[in-house]
1. Within the range A:376-398, does at least one residue satisfy the condition of being over 30 Å from A:Gly182 (Cβ atoms), in a loop (DSSP other than H, G, I, E, B) and away from chain B (no Cβ under 11 Å)?
2. Could you say whether any residue in the range B:101-117 is at pLDDT below 95, closer than 30 Å to A:Gly264 by Cα and within 13 Å of chain A (Cβ to nearest Cβ)?
3. Residues that are modelled with pLDDT of 80 or more, touching a Gly at 6+ places or on another chain (Cβ under 8 Å), in a helix (DSSP H, G or I) and open to solvent by less than 50 Å² (accessible area, probe 1.4 Å): does the range A:74-86 have at least one?
4. B:Tyr70 fails exactly one of the following numbered conditions: (1) open to solvent by 30 Å² or more (accessible area, probe 1.4 Å); (2) within 14 Å of chain A (Cβ to nearest Cβ). What is the number of that condition?
5. When both residues are 6+ apart or on different chains and their Cβ atoms are under 8 Å apart, which pairs have a first residue that lies in the range A:48-75 and is within 16 Å of A:Arg16 (Cβ to Cβ), and a second that is in a helix (DSSP H, G or I) and open to solvent by 100 Å² or more (accessible area, probe 1.4 Å)?
6. For the subset of the range B:99-128 comprising residues that are open to solvent by less than 10 Å² (accessible area, probe 1.4 Å) and touching a residue at least 60 places away in the same chain (Cβ under 8 Å), which member is farthest from B:Thr18 (Cα to Cα)?
7. Examine the range A:346-358 for a residue that is more than 10 Å from chain B (Cβ to nearest Cβ), among the basic types (Lys, Arg) and touching a helix residue (DSSP H, G or I) at 6+ places or on another chain (Cβ under 7 Å), and state whether such a residue exists.
8. Considering only residues that are open to solvent by less than 50 Å² (accessible area, probe 1.4 Å) and either in contact with a Pro (Cβ under 7 Å, 6 or more places away or on another chain) or within 13 Å of another protein chain (Cβ to nearest Cβ) (or both), which ones fall in the range A:414-423?
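The values are calculated or read from the model by the stated rules, or taken from the named source; none is laboratory data. What you are looking at is a predicted structure, and each value in this text was computed from that prediction instead of being measured. Please note: Cβ atoms are built from the backbone with ideal geometry, for glycine as well, and neighbour counts cover all protein chains shown. Each accessible area value is taken on the protein alone, full model and side chains, heavy atoms only, with ligands, DNA and RNA left out. Shrake-Rupley method; radii C 1.70, N 1.55, O 1.52, S 1.80 Å.
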Amino acid sequence: MTSPAPPPLLADHWQRLHPLSPLVRFGRLFVAVVVIAVPSLGTVQRGHREQLFTLLLWAALLILGAAAGVIAWLVTRWRIDGADLQIETGLIRRQSIRIPLARVQAVDVVAPLLARLLGLAEVRVVSAGRGSEHGRLAYVTAAEAPVLRAQLLALAHGLSRETPQPPGIALFHLDNAQLAYGLLLRAPTLAPLSLAILAVVLTVIVPPAGITLASTTFTIVAAGVISSARAYNDDFDLLVSEAGDGLRLDRGLLQRRHETIPYGRIQALRLVEPLLWRPFGWARLEVDIARQGEPRREGRESQQIARTLVPVAPRVVVVGLLQRVMPDAVVTPPRGSRPPRRAVTRAPFAYHLLAAWHDQRYICARSGRVRAETVIVPLDKMQSIRLATGPLLRALRLASVHVDTAGHRWQASALCRDAGEADRLVWSLAGLAGHARRRRSQLSPLPIA
Amino acid sequence: MSVAYERVSPRFWIARQTVLAALGLPLTAAAAITAAVLGGGGWVALPTGCAVFFVWMWLVERGRYRAWGYAERDADLIVRRGLLFRRISVVPYGRMQFIDVSAGPVDRLFDLAAVQLHTAAAASDARIPGLRRTDAEQLRDRLTGLGEARATGL
């Protein structure tokens, strides 16, 4: 923020969330009820009484939901108490949550469509243990949110709360047209699309068969369209910038989100090159972060957090950004990184992509059958190394080496290596990882977690 | 590189054999009685098959028992296991989040316990079964001490 933050915002006394917050929560319920109830009312032909009864039932549900929302707002209050964020909530089961700001991993700002229309935004305080489960302030005004974020972060870094947010340097700005093309050239989009085209063509030529196909494939096509639209909506206008504390991501078409990925939390990066993107030289960059698995009920929204760093961009740009995050990482397989020829027996469909290489700081492994996936793990993030062989691998004198991290998504797997080489790899990686850890703890004496 | 592995307790092998015998002997005996009652012929295959299966299982268990091994090195613990699917896990002491010592009913009967190491990675699978209870507790304490001395952030 360029303008100095107004101090009264983070006052030590208790305060409520914005009075319109129940409306945003109610809005979701309302949409859900309308989506479920209206078609059922329209299609089923029943007596007036029954219809009236159903209508009343839905109305009662809505009223209950609205009342619950208002009560939830009434009983929720929050304040900053010294170096802690304190949130009290719950009517029957009171919950008092105290989040030590020094342990905070990131502060995200999320604004769903309805909240945006009302000029509201949600502030999420992400802690190492519980993710963003408890530290959610939904909602404050859109003007307050960034100020609140800056002040919380300043407190998290042990600075005075008036410290302005460090300015970010823009690293990458997504080309929205390219995002659209990239999404179009994905199998989950192309398959339903070709089905739809086939259905239309068939309808013209052989109407009965075409209509059958159309009706049976309608859900698949709809699901494909919705997932693509969501992906477009999520990553629209993505801006990646670098600040002192890590990478900042701003994105979204209808729902805007602002997230921070602290550098120290990145466990692994993955460079994905889908088959259809390769002629254009496009790639995607994904990130894996150490974070406890969040409960399912939080749904797609929180799972979505900061997984994709670059949805689609020319490979050169992606590699540039990757090397900004992990300096000097080699992304193209160097000589001698391929497994021996005989590995083709074990992995006939993946052999053409298999490769693994490492240097003093990173271990990289490429795999995949159709699309190439390169996982890059900094050695100082290594949690354990595993060497694995099975009967077939042993008969071929091969072995696989896996490097595990605290992330939950990938491991760097050097698959189907020569048995002797795999053995040496395990011991040299164990030594290198030890050096990498010691080097890092010299650089930053403060433990991160 | 060759590593000097510590073996698990011979009691572990005795425990495994006992469990195997407790399952195998009655089953084979029942099969033999069935064959005798129904009278010879093709029925002989039943107890023979049982016996062959359990002898084979005994060989497999022996191989698996011999495959278990662990080594405490300067900076990491190495666990080796598996006969057909061989695994070697290397876990740096600094990465250990917590250590479990557990003992099931059979383990307790033979005064055995298993030590399991947990790291922040879900895929880490360093587990050492079949240690004498006192050995397991000593190992746990040793590992905990080493882990605290070398703890690093995520």
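1. Yes: one or more hits.
2. Yes: the range B:101-117 contains one or more residues that are at pLDDT below 95, closer than 30 Å to A:Gly264 by Cα and within 13 Å of chain A (Cβ to nearest Cβ).
3. So far as the range A:74-86 goes, yes, one or more of its residues are modelled with pLDDT of 80 or more, touching a Gly at 6+ places or on another chain (Cβ under 8 Å), in a helix (DSSP H, G or I) and open to solvent by less than 50 Å² (accessible area, probe 1.4 Å).
4. Among (1) open to solvent by 30 Å² or more (accessible area, probe 1.4 Å); (2) within 14 Å of chain A (Cβ to nearest Cβ), B:Tyr70 violates only (1).
5. That search, which allows pairs on different chains as well, returns A:Gly69/A:Arg25; A:Ala72/A:Arg25.
6. So, considering only residues that are open to solvent by less than 10 Å² (accessible area, probe 1.4 Å) and touching a residue at least 60 places away in the same chain (Cβ under 8 Å), the one farthest from B:Thr18 (Cα to Cα) is B:Ile128.
7. Scanning the range A:346-358 turns up at least one residue that is more than 10 Å from chain B (Cβ to nearest Cβ), among the basic types (Lys, Arg) and touching a helix residue (DSSP H, G or I) at 6+ places or on another chain (Cβ under 7 Å).
8. Result: A:Cys416, A:Arg417, A:Asp418, A:Ala419, A:Gly420, A:Ala422, A:Asp423.
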